[in-house]
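The values are calculated or read from the model by the stated rules, or taken from the named source; none is laboratory data. Treat the numbers as computed from the prediction; the structure is a model and nothing was measured. Cβ atoms come from the backbone with ideal geometry, glycine included; neighbour counts cover every protein chain shown.
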Ligand SMILES: [Zn+2]
């Protein structure tokens, strides 16, 4: 393996690790917001599901590392992941 091949492989590995961390944030939020964890009223389940739908929308992009697939704007492009929406939800669930 050449030095360039090694560097390229090493960079790909780092990207995979970062992407795995993004997926972990996403999965942890969904787990925290699972109605199955609680005995709660139907109305609260609906509210929880509403927030879960937002988390599902604002997930790490399948292709690109470090960007939110739910925050695309014509002018500015993609937002970073975790985006302000996800950061706000994370802050509330600390
Ligand atoms: Zn977002």
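Check whether at least one residue in the range 25-34 is touching a strand residue (DSSP E or B) at 6+ places or on another chain (Cβ under 8 Å) and in a helix (DSSP H, G or I), and report yes or no. Looking for residues that are touching a strand residue (DSSP E or B) at 6+ places or on another chain (Cβ under 8 Å) and in a helix (DSSP H, G or I), one finds at least one in the range 25-34, hence yes.
Take the conditions (1) under 17 Å from the mean Cα position of the chain (by Cα); (2) loosely packed, with under 12 Cβ neighbours inside 10 Å; residue 43 misses just one of them, which is (1). Among the residues of the range 57-75, those identified as modelled with pLDDT under 95 and assigned to a loop (DSSP other than H, G, I, E, B) are 61, 62, 63, 64, 65, 66, 74, 75. Cβ-Cβ distances below 6 Å connect the following pairs, each with a first residue in the range 76-94 that is in a helix (DSSP H, G or I), a second residue that is within 10 Å of the ligand (Cβ to nearest atom), and a separation of six or more residues or different chains: 85/58; 86/58.
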